[in-house]
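Participant: Quick one: the structure is below, and I'll ask about it shortly.
The values are calculated or read from the model by the stated rules, or taken from the named source; none is laboratory data. In this text the structure is predicted, and so the values were computed from the model without any measurement. When we count neighbours, we look across all protein chains shown, and the Cβ atoms used for this are built from the backbone with ideal geometry, even at glycine.
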Amino acid sequence: MRIAIGGLSHEANTFCPKPTTWNDFASRSVVRGEALFEGVAGTNTERAGALAVLTERSDCEVIPTLLASALSGAPVQADTFHALLDELLQRLSAALPLDGVLLVLHGAMMSTDEEDATGVILREVRRVVGPDVPIVGTLDLHANVTAQMVACADALIGYHTAPHVDMFETGEAAARILLATVDGRVRPRMALRRLPMIVPSENARHTDGPLSEVIGMARELEEQGAILHGGVYPVQPWLDISDVGCSVVVVTDGDVGAAERHAERLGRAFWERRAAFGVDLVPADEALRRALERPAGTVVLCDSADSPTSGATGDSNVILRAALAAEPLSGRVLLNAVDAPAVSRAVAAGVGANVRVRVGGRLAPAFFEPVTFTGYVKTISDGVFWFKGPGARGTVQSMGRAVVLTRGEIHLVVMERAVSQWDPELYRSVGEEPSDARAVQVKSPAAFRAAYGAFMDEAIIVASPGPSTSDLMSLPWRRIRRPLYPFDADATF
Ligand SMILES: [Zn+2]
């Protein structure tokens, strides 16, 4: 049998002012043809999981096409999206005849001309391969699952974890269902239940709290063999589009009625827990004070409002401002911000120099303003590092050039490009040890807990403006369809 693998992956945030362009894909990951087989060993990725299953079968010829992803951000520029999609379709078309297609997707991708970019990818792949070739797609837990996506795929298989740690298992599960479908051992049938609600990400976790209970119910059904897959999706909430909401997707073997019944039950359980997703936010100065008052240990200052993996720009300096106002500090504080011009200034001055730079607040001026920072250039780095923690383990990350500027107890990493902040390697790669610091700024709502959990004593979620704030009511919504929880008390499931 001939199985094609490929996909396009990106998570949109419509409040992010910085457009997502070809460079954002090129600097993250664009892999073509045979290169899809390379560099996957030991990585926690959907690609690695899917390839492990597909290449195990001696009768399965895997045809690699195009796999591209960019860090979360504003909707992808239309020309970039269509260039990538066209290439994927051309490669699939050239590979025909095919027995199946496995697509690595996110599910909350948008382009500047398509609100449901993931649905468009699935629709166009379906058009190329025809109605009878099974298509199975993988989704991030934060997918905005649409009717079009479900209509154009045979099965959609999502993460069961947040912090995300099951990319490999998701790829494996998708490949197994695809092979079983091609063999005729199962006939996947899907039911989608959309909920008129969005929730912040901080408390949407599989480890504890309200989402864990709903995911637990879905997993139980899978383990009982009642369903093939139960996807519970607390959508990436920063999508100001009409068709946005949390959802549940149940995949059964040949039984649409059962899929619908289980989706209804899981959807209701999710809906009934909606108030439990609320987040306690602490002002930056108070959060910093609480961290420094502790006699020992490390506190993560969770700056989720500026999370690059939620589509923010990474150049918030709200906590930096609070730290400068609180000097002298009684313990080490690790902070970070994106600011390419500040990096250039520090690199030009060189290690050992003192510099005065304006930091942050350039990329998302609706939320932040630059701060003047005078400090010592301690480290200059190429900004490349590898994730070592459980989430996306083994994947390479690039901050562009990065510098460490110090001023008393403040150690500030300034980078040219935003990067995922799931892993303490961000700091370790430039010589700063988070477990030795009293407070560490981490721009991620929940995913950081997988790696930082090994040593952090507490995480305080900081009240801050930003394109990925959990204070959803504070954002300038214009296009969402009402009623929608938490905006409307009369929203009903
Ligand atoms: Zn996610």
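Participant: Can you tell me how many residues within region 317-361 are closer than 21 Å to Gly383 by Cα and touching a helix residue (DSSP H, G or I) at 6+ places or on another chain (Cβ under 6 Å)?
Facilitator: Selection size over region 317-361: 6.
Participant: May I ask you to verify whether Gly297 is outside any helix (DSSP H, G or I) and surrounded by fewer than 17 Cβ atoms within 10 Å (Cβ to Cβ)?
Facilitator: Taking the combined requirement at face value, the residue satisfies it.
Participant: Need a quick list: strands (runs of 3 or more DSSP E) entirely within region 351-445 having at least 1 residues that are buried (at least 20 other Cβ atoms within 10 Å of the Cβ) and without any contact (Cβ under 8 Å) to a residue 60 or more places away in the chain. Steps first, answer last, please.
Facilitator: Working: elements: 354-359, 371-381, 384-386, 396-398, 402-407, 410-415, 439-442.
Those strands (runs of 3 or more DSSP E) span 354-359, 371-381, 384-386, 396-398, 402-407.
Participant: Here's another thing I want to ask about it. With the structure loaded, tell me whether Val165 is surrounded by 24 or more Cβ atoms within 10 Å (Cβ to Cβ) and within 16 Å of the ligand (Cβ to nearest atom) or whether it fails that test. Explain how you work it out, then say what you get.
Facilitator: Values: surrounded by 24 or more Cβ atoms within 10 Å (Cβ to Cβ): no; within 16 Å of the ligand (Cβ to nearest atom): yes.
No: the conditions fail for Val165.
Participant: Based on this model, can you work out whether Ser72 counts as buried (at least 23 other Cβ atoms within 10 Å of the Cβ), in the same structural domain as Gly184 (by TED's automatic domain parsing) and among the hydroxyl-bearing types (Ser, Thr, Tyr)?
Facilitator: yes
Participant: What number of residues in region 446-493 are acidic (Asp, Glu), under 22 Å from the mean Cα position of the chain (by Cα) and not in a loop (DSSP other than H, G, I, E, B)? Steps first, answer last, please.
Facilitator: If we filter region 446-493 for residues that are acidic (Asp, Glu), which is where we start, we get 457-458, 471, 488, 490.
Now restrict to residues that are under 22 Å from the mean Cα position of the chain (by Cα): 471.
Of the ones still in play, those that are also not in a loop (DSSP other than H, G, I, E, B) are none.
Matching residues across region 446-493 total 0.
Participant: So for region 200-208 (the condition being assigned by TED's automatic domain parsing to the domain that holds Ser58 and away from the ligand (no atom under 16 Å from the Cβ)), does at least one residue qualify? Let's see the steps before the verdict.
Facilitator: To start, the set of residues in region 200-208 that are assigned by TED's automatic domain parsing to the domain that holds Ser58 comprises 200-208.
Subset that is away from the ligand (no atom under 16 Å from the Cβ): 208.
Taking every residue of region 200-208 in turn, at least one turns out to be assigned by TED's automatic domain parsing to the domain that holds Ser58 and away from the ligand (no atom under 16 Å from the Cβ).
Participant: Checking the condition assigned by TED's automatic domain parsing to the domain that holds Gly360 and either closer than 22 Å to Val419 by Cβ or within 16 Å of the ligand (Cβ to nearest atom) (or both), which residue from Ala291, Ala296, Ala312 passes? Reasoning before the result, please.
Facilitator: Details: Ala291 fails: either closer than 22 Å to Val419 by Cβ or within 16 Å of the ligand (Cβ to nearest atom) (or both); Ala296 fails: either closer than 22 Å to Val419 by Cβ or within 16 Å of the ligand (Cβ to nearest atom) (or both).
Matching residue, one of Ala291, Ala296, Ala312: Ala312.
Participant: Hey, Gly119 hits all of (1) in a loop (DSSP other than H, G, I, E, B); (2) touching a helix residue (DSSP H, G or I) at 6+ places or on another chain (Cβ under 7 Å); (3) closer than 23 Å to Arg194 by Cβ but one; which does it fall short on?
Facilitator: Single failed check for Gly119: (1).
Participant: Give all pairs with beta carbons closer than 7 Å in which a residue from region 226-251 that is under 16 Å from His106 (Cβ atoms) meets a residue that is of a type in the set (Asp, Glu) and within 16 Å of the ligand (Cβ to nearest atom); count only pairs at least 6 apart in sequence or on separate chains.
Facilitator: Short answer, once both residue conditions are applied: Gln236/Glu11.
Participant: Taking region 140-154 as the search range and keeping residues that are without any contact (Cβ under 8 Å) to a residue 60 or more places away in the chain and not in a loop (DSSP other than H, G, I, E, B), which one is surrounded by the most Cβ atoms within 10 Å (Cβ to Cβ)? Write out each step before concluding.
Facilitator: Narrowing region 140-154 to residues without any contact (Cβ under 8 Å) to a residue 60 or more places away in the chain: 147-149, 151-154.
Checking the rest, the ones that are also not in a loop (DSSP other than H, G, I, E, B) come to 147-149, 151-152.
Values: Ala147: 12, Gln148: 15, Met149: 26, Ala151: 13, Cys152: 21.
Checking each candidate, the answer is Met149.
Participant: Right, here's the next one. Inside region 444-463, can you point out the residues that are of a type in the set (D, E, K, R) and more than 16 Å from the ligand (Cβ to nearest atom)?
Facilitator: Those that are of a type in the set (D, E, K, R) and more than 16 Å from the ligand (Cβ to nearest atom): Asp457, Glu458.
Participant: Can you say whether Thr170 is within 16 Å of the ligand (Cβ to nearest atom), assigned to a helix (DSSP H, G or I) and in contact with a Ser or Thr (Cβ under 8 Å, 6 or more places away or on another chain), as far as the supplied structure shows?
Facilitator: On the way: within 16 Å of the ligand (Cβ to nearest atom): yes; assigned to a helix (DSSP H, G or I): yes; in contact with a Ser or Thr (Cβ under 8 Å, 6 or more places away or on another chain): yes.
Yes; evaluated as a whole, the condition is true for this residue.
Participant: Continuing with the same structure: Being in the same structural domain as Ser27 (by TED's automatic domain parsing), in contact (Cβ under 8 Å) with a residue 12 or more places away in the chain and touching a Lys or Arg at 6+ places or on another chain (Cβ under 9 Å) narrows it down to one residue among Gly137, Gly100, Gly107; which is it? Outline the logic, then answer.
Facilitator: Working: Gly137 fails: touching a Lys or Arg at 6+ places or on another chain (Cβ under 9 Å); Gly107 fails: touching a Lys or Arg at 6+ places or on another chain (Cβ under 9 Å).
Only one candidate passes the filter, namely Gly100.
Participant: May I pose another question? I'm trying to understand the selection: among the residues of region 215-267, which are among the small types (Gly, Ala, Ser) and either within 16 Å of the ligand (Cβ to nearest atom) or in contact with a strand residue (DSSP E or B) (Cβ under 7 Å, 6 or more places away or on another chain) (or both)?
Facilitator: Ala218, Gly230, Gly231, Gly245, Ser247, Gly254, Ala258, Ala259, Ala263, Gly267
Participant: Please determine whether any residue of region 47-60 is in contact with a Ser or Thr (Cβ under 7 Å, 6 or more places away or on another chain) and touching a residue at least 60 places away in the same chain (Cβ under 8 Å).
Facilitator: Scanning region 47-60, I find at least one residue that is in contact with a Ser or Thr (Cβ under 7 Å, 6 or more places away or on another chain) and touching a residue at least 60 places away in the same chain (Cβ under 8 Å), so the answer is yes.
Participant: If you don't mind, there's one more thing I want to ask. Is it the case that Arg185 is without any contact (Cβ under 8 Å) to a residue 60 or more places away in the chain, assigned to a helix (DSSP H, G or I) and more than 15 Å from the ligand (Cβ to nearest atom)?
Facilitator: Details: without any contact (Cβ under 8 Å) to a residue 60 or more places away in the chain: yes; assigned to a helix (DSSP H, G or I): no; more than 15 Å from the ligand (Cβ to nearest atom): yes.
Criteria not met by Arg185.
Participant: Restricting to region 228-246, count the residues that are under 21 Å from Leu475 (Cβ atoms) and among the small types (Gly, Ala, Ser).
Facilitator: Residues in region 228-246 being under 21 Å from Leu475 (Cβ atoms) and among the small types (Gly, Ala, Ser): 2 in total.
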